[in-house]
Amino acid sequence: GIKDTHLFDPFSETWTRVADMADGRWYPTMVSLPDGKIVVFSGLNELTGDVNQDIEIYDPDSGTGWRFIAKTNMPLYPRMAALSPKDIFFSGPTQGTAIIDIENLLAYKASTMNFGPRWEGTSVLLPRQPGKVMVIGGHNRVTVTETVEIIDLNDSIPAWSYTQPLNSPRMHANAVILPDGKIVVVGGENSLPVDDTLAPPASVYDAEIFDPETETWSVMAAMQRPREYHSTAILLPDARILLAGSNGEFTAEIFSPPYLFLGPRPIIQSAPEEISYATNFELQFTSPTDTNAVSLIRLSSVTHSINMDQRFVPLADLTAGDGSVTIFGPASANLAPPGYYMLFVVNSIGVPSRSVMVRVTTAAPNCCVNPGDADGSGSMNISDITYLIARIFASGQAPVCCAEGDADGSGAVNIADITYLIARIFAAGPAPVCGPGGIGC
């Protein structure tokens, strides 16, 4: 691995050399953080071939290059998901998982997967269920598994639980979030080779779609070519899936999910090029149904069964038909790190529009004007306590501004914020602070 770093400008299609990392990395994991920085883990360095244990952060606005954070013991291609500017969830491939505070190098809410290690499996943030992560397939160096597990990081003591398994064991598969909030898994192999004299493991050709609401899998159409080690799969702007590559396989094919055969699609007529956090924007569209959902899906960066930044961000559930509507931007950067997203409108039977490209930008007014004002009324009072109780215990609406609902500034909206507001309103406790929000929003 080399330590060179380049920035790519997609508009001019040019590369610019910037400051080097401290040491080289072959097979690194890179994650976009909610504050716009990039954190890099693992990879083999260029000197010894050992796993690079340095955590480094790149700030594109600082002009100073990479900043060393700490050393940590990470495997190759750790599966990481950013929860806040400093908290990242590590979901394997080792059996042990945890939220890692990268600034203080603390691991908390640690948990162990039931199957064991899931080498060459994959993971995904569940759409519409902030704080839930799903791990899929992989192997324990003995058996390739069809098992799937889910963890809810909102729990005080999170634990992995099995959900319905895949219909076929898979390693080297890819998981792609769809505009309707479901997840398609494609490709992979169903067994490990026993020794070099045997034929390679069999490819898995059928796609499968997971519905997070019912936690069930449905078998879809079969691929035409094998998609195994080094294959990729990404969501296209027209809501189809592009599958490409595999060792020795130089083809690509496109999968059309079932929603494209259900009827006419919504059509987005106008949308802004940029949207800001907790700030309204105007969207104009037509749709064959009165009820429609608006959401964002972050652009993909996928390799070795890991989609580094993939996430689904719901924006609105509309019940007034089509036309010109006002949409509220993402509540916080913890839910939608800054960058480019595909904006989709999905009608009531699950048919998505073609997307438009929007940039979620940090150049937004700070939504945290009245800390503790969870219901967005303009002031903090007992109604905010009621609002949070409904949110936490009855799946009520998320705080209008996530950072204002996060009264104690912990980075999560949970029962502690209710306690904090009660102490403030009834016992002259400490004033709420502007927290980052995030989990529970």
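In segment 291-430, the ratio of gyration radius to Kirkwood radius, Rg to Rh, stands at 1.03 when only Cα atoms are counted. Other residues within the sphere of radius under 15 Å centred on the Cβ of Pro266, judged by their own Cβ, net out at -3 (K and R +1, D and E -1). Run through the DSSP bridge list for the chain and note the antiparallel percent, rounded to the nearest 5. Antiparallel bridges make up about 95 percent of those DSSP assigns within the chain.
Between the listed residues Ile151, Ala427, Gly116, the Cα displaced farthest toward the positive end of the dipole of the chain, a dipole computed from Cβ unit charges relative to the Cα centre, is found at Gly116. Taking the helices alone, the chain has a mean residue ellipticity at 222 nm of -2000 deg cm²/dmol, built from -39,500 (n - 2.57) per DSSP H run of at least 4 residues and averaged over all its residues. Between Met357 and Ser12, what FRET efficiency follows from the Cβ-Cβ distance if R0 is 25 Å, with the result rounded to 0.05? The value I calculate is 0.90. In this simple spin-label approximation, Leu262 and Ala107 carry label points 7 Å from Cα along the Cα→Cβ vector, and these lie 4.1 nm apart. Shown here: the chain, whose C-alpha atoms stretch 74, 53, 47 Å along the first, second and third principal axes, sorted largest to smallest. In the chain, taking the dipole from charged Cβ atoms about the Cα centre, the farthest positive-side position among Thr216, Gly263, Val39 is held by Thr216. For Asp180, the amide hydrogen comes within under 5 Å of no other amide hydrogen, counting only partners 5 or more places away or on other chains and with H modelled in the peptide plane. In this structure, His230 and Gln129 have a Cβ-Cβ separation that, at R0 = 35 Å, corresponds to a calculated FRET efficiency of about 0.70. A simple spin-label model places pseudo-atoms 7 Å from Cα toward Cβ; at Gln284 and Gln269 they are separated by 0.6 nm. The GluC sites (Glu not before Pro) of segment 175-258 that meet both conditions, a loop assignment by DSSP and at most 12 other Cβ atoms within 10 Å of the site Cβ, are Glu213. Placing pseudo-labels 7 Å out from each Cα toward the beta carbon at Ser218 and Ala394 gives an inter-label distance of 3.2 nm. In degrees between 0 and 90, to the nearest 10, how far off the longest principal axis of the chain does helix 415-427 point, with axes built from Cα atoms? That helix lies at roughly 20 degrees to the long axis. Reported to the nearest whole Å, the Cα centre-to-centre distance from segment 247-306 to segment 213-229 is 20.
Sparse packing (at most 15 other Cβ atoms within 10 Å of the Cβ) combined with a DSSP loop state is found for the following GluC sites (Glu not before Pro) in segment 269-300: Glu273. For the chain, a crude dipole built from +1 on the beta carbon of Lys and Arg and -1 on the beta carbon of Asp and Glu, taken about the Cα centre, is about 180 debye to the nearest 20.
Less than 5 angstrom separates the built amide H of Gln269 from those of Gln284, Phe285, Thr286, all sequence-distant by 5 or more or on a different chain. The charge dipole of segment 146-290, taken about its Cα centre with unit charges on the Cβ atoms of Lys, Arg (+1), Asp and Glu (-1) only, comes to about 400 debye. In this Cβ point-charge picture (+1 for Lys and Arg, -1 for Asp and Glu), segment 309-404 has a dipole of about 320 debye about its Cα centre. Per residue, the solvent-accessible area of segment 297-395 (1.4 Å probe, heavy atoms of protein chains only, all protein chains present) comes to 40 Å².
Value of Rg to Rh for segment 186-294, rounded to two decimals, is 1.11; Kirkwood radius and Rg both from alpha-carbon coordinates.
Just the number: Rg to Rh for segment 9-149, Cα atoms, Kirkwood Rh, two decimals. With Rg and the Kirkwood Rh in hand, the quotient comes to 0.99. The length gained on full extension between Ile254 and Ala159, counted as 0.36 nm times the residue separation minus their Cα-Cα distance, comes to 30.6 nm.
Full extension of the chain between Glu46 and Lys71 gives 7.3 nm of extra length, using 0.36 nm per residue less the Cα-Cα distance. For trypsin sites (Lys or Arg not before Pro), the sites in segment 124-169 that DSSP calls loop and that have at most 16 other Cβ atoms within 10 Å are Arg128, Arg141.
The values are calculated or read from the model by the stated rules, or taken from the named source; none is laboratory data. Predicted model, so just to flag it, every value in this text is computed and none were measured. Here the Cβ is made from the backbone with ideal geometry for all residues, glycine too, and neighbour counts use every protein chain on show. We work out accessible area using only protein heavy atoms, side chains counted, and drop any ligands, DNA or RNA first. Shrake-Rupley method; radii C 1.70, N 1.55, O 1.52, S 1.80 Å.
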